[in-house]
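The values are calculated or read from the model by the stated rules, or taken from the named source; none is laboratory data. This structure is a prediction, so every number in the text was calculated from the model and none was measured. Glycine also receives a Cβ, built like all others from the backbone with ideal geometry; neighbour counts cover every protein chain displayed.
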Amino acid sequence: MRKLIGATMMGVLLMGFGIGISGCSDESTIKKETVQATPGGKTVETDQKSIKQSGDNPPAPTKTP
């Protein structure tokens with residue numbers, strides 16, 4: 001019985017650790033790369049935007065009718 005409880009608790013801890021690592025991030029990054037072929041060669045343009053998420057900036061209040 002102790003082995004079953006121990007194995008169950010290890011599973012719960014591993015699942016919690018996996019969810020914590022994959023979903024808890026304060027910053028989101030979007031990277032967009034555009035490649036254009038020109039007569040003189042290739043042009044590579046990279047656009048990277050970083051959005052920091054926190055609870056400091058709540059959404060604007062809604063208008064009451």
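Counting residues in segment 46-59 that are among the hydroxyl-bearing types (Ser, Thr, Tyr), loosely packed, with under 10 Cβ neighbours inside 10 Å, at pLDDT 75 or above and not in a strand (DSSP E or B) gives zero. Total residues in segment 1-35 satisfying the condition of being of a type in the set (Asp, Glu) and either assigned to a loop (DSSP other than H, G, I, E, B) or modelled with pLDDT under 75 (or both): the figure is 2.
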